[in-house]
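Below is one structure; the comments refer to it alone.
FYI, it's all coordinate maths here, none of it is from the lab. Every value quoted in this text rests on a predicted model; they were computed, and no experiment measured them. No Cβ is skipped: glycine too gets one built from the backbone with ideal geometry, and neighbour counts run over all protein chains shown.
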Amino acid sequence: MSTAELHGNVSEDRPATEQSELLSRKISELSLVIPGTRLEALILQLYQELESADISFRPKTYLSDEWGCPQGVPVIGIPFYLADPKLAGLEGQLTDIEAENEAEVMMYLRHEAGHAFNYAYRLYTKPGWRRLFGRFSRPYKEKYQPHPFSVRFVHNIPGWYAQKHPDEDFAETFAVWLAPDSGWRERYADTPALAKLLYVDRVARQYGRQPPIVTADTLDTPVEELTMTLDEWYDAGDDSTGSKLALHHVIDEHLKTLFPGAEGQPAVEVLEANRRGLIRDVNHWTGMDRHVLSSLYKELRERVKFLDLKTDPDQTTTRMVSVAVFLTTLAMNYQRTGRFMDL
């Protein structure tokens, strides 16, 4: 699938526009830097939060292909598209997933700072760390089955990411602990997660003013190494889960129940208008991968369009509540069985 098809022929009306020219350029040649961007101010905010927590450690930040902290290396990789407003807008247009806003960037920065702090002082080797969070050497699985609302874990970034791996559990716990006004003592009172937060509080006091043990700054996929064009980047990132959706035609009957009106506004318009909010919220509460969720939404939207379903504009709120429940049910079934529908 081409980038134009992925976006719905974004360049069809203006083939020679600045946007199409931008897509043809190599990422490494876009001269992307952190200084002078909104990221610089947000990173400074992170450093100020660390200082307020009596931590002198300042993890190095750099632009990369995604959020990340190379294992064992106390640095923070930030998605390159966040360094430029045009690229951030393009990310939302071409993937159906909006680029992170400032509040979300801070959530991820605190999370990655948790990884960096863990690595800088090799906390994962300590018996107390292993007792609370588990074995750092445990295999890291990209796909995991979370248990929503488990009181053994904190909740910071969308989904239930702390449940993915002990390293992620610590990073999420650190992020919640670091966030100003998070009220973590009250929020997690009388839960097993509180013991983890108190552990972070102790080690922060213990190591906060000590120089880091690990000072390596080997970068994982810095932006200078991203030699593909933006067009190639988005084509390579195009989700290929279509064959995995396995949406039997019986789904059409459920969609007709969601949108039973014989007249009114085309239901596909309502779905499109609420797409980003629904994907964001279902991802937040289920932890389902946003790209898979986006593919599901696209397929449902196409089925609704093909069926020419209608809805009463006065019933939009009610319909969207039902759609949210419907999406969540499909997402949870996928999380449990690996399929949206049991065939």
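The figures follow:
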item: Per-peptide average of other Cβ atoms within 10 Å, ordering 207-220, 280-293 highest first; result: 280-293, 207-220
item: Sorted peptide list for 151-164, 326-339, criterion being average Cβ within 10 angstrom, highest first; result: 151-164, 326-339
item: Euclidean distance between Cα centres, the stretch 59-116 to the stretch 285-343, Å; result: 27 Å
item: 26 Å tail of the calculated P(r), the chain, as % of Cα pairs; result: 56 percent
item: Lysines whose Cα lies under 23 Å from that of Lys310, excluding same-chain neighbours fewer than 8 positions away; result: Lys256, Lys298
item: Efficiency of FRET from Cβ geometry, Thr316 and Ala195, R₀ 41 Å, rounded to 0.05; result: 0.35
item: Label-to-label distance, nm, for residues given as Asp181 and Leu307 (7 Å Cα→Cβ offset); result: 4.4 nm
item: Theoretical gain in end-to-end length, His248 to Glu18 [0.36 nm per residue, Cα-Cα removed]; result: 78.7 nm
item: CD proxy at 222 nm, helix term only [per DSSP H run n ≥ 4: -39500 (n - 2.57); per residue of the chain; nearest 500]; result: -15500 deg cm²/dmol
item: Loop-located GluC sites (Glu not before Pro) in the stretch 260-343 whose Cβ has at most 11 other Cβ within 10 Å (DSSP); result: Glu263
item: Net length gained if the chain between Gln71 and Asp342 were fully extended (0.36 nm per residue, minus Cα distance); result: 93.8 nm
item: Lysines with Cα under 28 Å of Lys196, excluding same-chain neighbours fewer than 8 positions away; result: Lys60, Lys126, Lys141, Lys143, Lys164
item: Segment Glu225-Asn333, extension gain: residue separation times 0.36 nm, minus the distance between their alpha carbons; result: 35.0 nm
item: Residues Thr215 and Ala324, FRET efficiency given R0 of 56 Å [Cβ-Cβ distance, rounded to 0.05]; result: 0.75
item: Sequence-distant lysines (8 or more away, or on other chains) whose Cα lies within less than 17 Å of Lys26; result: Lys86
